[in-house]
Amino acid sequence: MKFFSFYIPTVVFSAINLLVLYMIMKKILFTPIINFVENRKKLIKDSLDHAEHQKNEAEALRKDYEEQLKAARMAAEKIVEDSRVKAEKQHELLTQVARQEAEEILVKAQEEIQIKKEQMLKELKAEVAGLALAAASKVIEANMDNDKNRRLVDKFLDEAGAA
Amino acid sequence: METGLFAIAAGIAVLTGFGAGIGIGIATSRAAEGVSRQPEAAGKITTITLIGSVLAEATAIYGLVVALIILFVKWPA
Amino acid sequence: MNLSEELTIAMSPHGLFGFKIFGMEIFVTDTIFLMWIIMAIMIILAMLLTRNLKLVPDGKQNAAEAFVEFMQKFSKDNMGHHSKHFVPYLGTLVLFLAVSNTISIFNILPVGSLMKTITGNEAFGELVLRPPTKDINLTVILALISIILVIFSSIRFKGVKGWLQYHVEPSVILLPFKIMDYFVRTLSLSMRLFGNILGSFILMELVFAVMPAFVPAVFSIYFDLFDGFLQAYVFVFLTSLYIGEAIE
């Protein structure tokens with residue numbers, strides 16, 4: 001075979017070889033790897049999307065729970081506050097009632113004391129008058145008209161009482 | 001056939017290598033300058049230099065091919 | 001046999017075995033045979049790398065994924081949208097070129113004598129692992145396939161009308177140049193690959209003839225590995241640029 005000369009069979013064989021090589025390499029190297037990498041990319045993207053989705057969901061759920069918790073806490077606080085207010089009111093009411101009762105009792109007691117005092121004073125007066133009369137009658141004896149004496153004593157006693 | 005004259009002719013044809021050598025040298029020196037001035041453009045400059053060198057080299061290759069034709073193709077006497 | 005004859009033999013493809021079709025003897029050259037070997041290596045490697053793909057990738061799967069993703073990014077950078085249709089082609093091309101440009105570093109493997117003992121065919125004794133891309137027939141068909149792909153993708157994504165319009169934009173004067181462009185691109189794509197690989201191959205052969213030990217290993221790092229990978233990248237890069245321009 002001469003150097004630097006065209007030999008048609010070599011050209012034809014080379015062309016066939018190259019085409020066959022191209023087809024085989026495309027089938028066993030390029031298509032599988034390109035598809036594989038493509039699929040893997042898709043898989044990774046899918047799982048990332050999935051994870052993102054789940055994260056969002058969890059976040060939403062968490063927010064929901066948090067809100068619920070907040071609401072519950074607020075409700076509890078309200079209940080406590082309410083009961084506190086109610087208790088205070090009750091307490092005030094009770095105290096007032098007690099104070100009123102106590103005052104009433106006090107007033108009644110004073111009134112009673114007053115009444116008793118007056119009564120005693122009246123009795124004392126009457127007794128003193130009787131005693132004085134008796135003493136005076138004993139002193140003065142019969143000269144004296146009963147009615148006149150009594151008036152005199154009373155007058156005296158009134159003067160003394162006034163003094 | 002005077003083989004000596006054919007050999008001389010082939011030698012002259014291969015002198016195209018001069019031009020290619022000078023051209024590629026200039027291109028590469030400019031590329032080196034460009035890279036030292038702008039190192040971030042090294043990739044692009046390399047590509048352009050490669051194209052330029054390859055095109056400049058074509059003349060040398062044509063000279064070589066002509067020399068081979070002179071030497072190996074049977075010329076009618 | 002002097003050096004120049006040896007070099008000429010090393011440079012030229014040779015038929016390994018032949019068969020007759022329509023009364024014509026057709027030879028399978030070492031270019032084709034090496035292509036088969038490279039194809040087998042690539043297919044076995046690809047099968048190993050993509051066997052039982054796992055969700056959490058291990059070492060080999062990482063390598064395969066990194067390569068495919070690199071090609072996807074590369075295509076996207078150069079061709080914009082629609083780029084995903086070209087990833088398998090460009091990836092196959094860059095793998096094939098990278099392996100075939102650098103296959104000569106595996107020359108210690110006695111593939112030729114092995115094949116000779118297996119098949120009993122004397123012609124296999126000549127088989128050495130040389131880059132198949134130093135054969136102009138292969139580089140021409142590679143460039144042709146790329147240019148045909150450019151035209152097809154242009155028609156596919158812009159329609160016949162859009163493709164025809166591309167030739168007269170922005171002015172009708174450009175029509176001959178645009179048509180010439182196809183030929184120039186094919187020529188430059190194929191000749192660039194061929195010339196670079198052949199040049200480094202000849203240089204390596206000369207270095208090897210002058211100094212058979214140690215020195216070729218050092219040179220081979222540049223001429224076989226670096227140049228091989230660079231040319232593979234350049235070929236794919238230019239192809240993607242052409243496609244990107246055509247489908248825009």
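Brief remarks follow.
- Label-point separation in nm, C:I21 to C:W36, each point 7 Å along Cα→Cβ: 1.4
- Computed with a 1.4 Å probe over protein heavy atoms only, the accessible surface of segment C:3-247 comes to 48 Å² per residue.
- The mean number of Cβ atoms from other chains found within 10 Å of a Cβ in peptide B:4-10 is 0, as a whole number.
- Chain-alone versus full-assembly comparison, segment A:18-67, residues with accessible loss of at least 40 Å² (1.4 Å probe): A:L18, A:L21, A:Y22, A:M25, A:I28, A:L29, A:F30, A:I33, A:I34, A:F36, A:R40
- Euclidean distance of C-alpha centroids, segment A:1-32 and segment C:193-248, integer Å: 20
- Largest mean-square fluctuation among C:D224, C:D30, C:D181, in a Gaussian network model of chain C whose springs join Cα atoms under 10 Å apart, belongs to C:D181.
- Cross-link reach list, lysines versus C:K134, counting only Cα pairs under 19 Å and skipping chain neighbours closer than eight places: A:K2
- Rolling a 1.4 Å probe over the protein heavy atoms of segment B:3-70, with every protein chain left in place, gives an accessible area that is 77 percent carbon and sulfur.
- Pairs with C-alpha atoms separated by more than 31 Å, drawn from the list A:K41/C:K161; B:K44/C:K84; A:K117/A:K155, are A:K41/C:K161.
- Global form of segment C:7-166, assessed from the alpha-carbon gyration tensor, a/c cut-off 1.5: oblate
- Summing Cβ point charges (Lys, Arg +1; Asp, Glu -1) relative to the Cα centre of chain A gives a dipole of roughly 2060 debye.
- Residues of segment C:35-65 buried by at least 40 Å² of accessible area upon assembly of all protein chains, compared with the chain on its own (1.4 Å probe): C:M35, C:M39, C:I43, C:A46, C:T50, C:L53, C:L55, C:E65.
- Of the residues C:V184, A:F4, A:P32, the one whose Cα sits farthest towards the positive end of the charge dipole of the protein assembly as shown is A:F4 (charges of +1 on Lys and Arg Cβ, -1 on Asp and Glu Cβ, taken about the Cα centre).
- Loop-resident GluC sites (Glu not before Pro) (DSSP state other than H, G, I, E or B) in chain B with no more than 14 further Cβ atoms inside 10 Å of their Cβ: B:E2.
- Interchain or long-range residues, amide H under 5 Å from C:T29's placed H: C:L16
- Heavy-atom surface of chain A, accessible at 1.4 Å and reported per residue (Å²): 85
- Unit charges at the beta carbon, dipole of chain C: most positive-side option, C:S75, C:L97, C:A232: C:S75
- On Cα atoms only, tilt of C:136-167 relative to the major axis of chain C in degrees: 10
- Across peptide C:189-201, the average count of Cβ atoms from other chains found within 10 Å of a residue's Cβ is 4.
- Per-residue HN-Hα couplings for segment C:105-114 [Karplus 6.51, -1.76, 1.60; θ = phi - 60°; Hz; x = Gly/Pro]: 6, 8, 5, 5, 5, x, 4, x, 5, 4
- Per residue, the protein assembly as shown reaches -27500 deg cm²/dmol at 222 nm when only DSSP H runs of four or more residues are counted, each adding -39500 (n - 2.57).
- The local environment of C:P57, defined by Cβ-Cβ distances under 15 Å, has a net charge of +1 under the rule Lys, Arg +1 and Asp, Glu -1.
- When the chymotrypsin sites (Phe, Trp or Tyr not before Pro) in chain B are filtered for DSSP coil states and for at most 15 other beta-carbon atoms within 10 Å of their beta-carbon, no site remains.
- Taking Cβ atoms as reference points and 13 Å as the exclusive limit, the residues near C:H85 contribute a net charge of +4, counting Lys and Arg as +1 and Asp and Glu as -1.
- Surface burial for C against A, with a 1.4 Å probe and both sides summed, reaches about 3600 Å² of accessible area.
- Area buried, chain B against chain A - accessible surface, total, 1.4 angstrom probe, square angstrom: 400
- The label point for A:E103 and the one for C:L7, both projected 7 Å from the Cα toward the Cβ, are 13.9 nm apart.
- Of all accessible heavy-atom area on chain A, the percent that carbon and sulfur account for (1.4 Å): 61
- Two tests apply to each whole DSSP H helix in chain A, Cα reach of 15 Å or more along its axis and mean Kyte-Doolittle hydropathy of at least 0.0, and the ones passing both are A:8-25.
- The mean number of Cβ atoms from other chains found within 10 Å of a Cβ in peptide B:54-66 is 5, as a whole number.
- Accessible surface calculations at 1.4 Å, restricted to protein heavy atoms, place segment B:3-70 at 58 Å² per residue.
- Ranked by the mean number of other Cβ atoms within 10 Å of their residues, highest first, the peptides A:31-44, C:158-171 come out as A:31-44, C:158-171.
- Selected from A:L133, A:L61, A:L19 as most flexible by GNM, with chain A as the system and alpha-carbon contacts under 10 Å: A:L19
- Solvent-accessible area, 1.4 Å probe, carbon plus sulfur percent, for segment C:3-247: 74
- A simple count of charges around A:R84, restricted to other residues whose Cβ falls under 14 Å of its Cβ and scoring Lys, Arg +1 and Asp, Glu -1, yields -2.
- Annotation for segment A:1-37: trypsin sites (Lys or Arg not before Pro) lying in DSSP loop with at most 16 further Cβ atoms inside 10 Å of their Cβ are A:K2.
- The B and C chains share an interface that buries close to 1200 Å² of accessible area, total over both sides, probe 1.4 Å.
The values are calculated or read from the model by the stated rules, or taken from the named source; none is laboratory data. In this text, all values refer to a predicted model and were calculated from it rather than measured experimentally. Cβ: placed from backbone, ideal geometry, glycine included. Neighbour counts: every protein chain shown. Please note that ligands, DNA and RNA were not included when accessible areas were found on the heavy atoms of the full protein model with its side chains. Shrake-Rupley method; radii C 1.70, N 1.55, O 1.52, S 1.80 Å.
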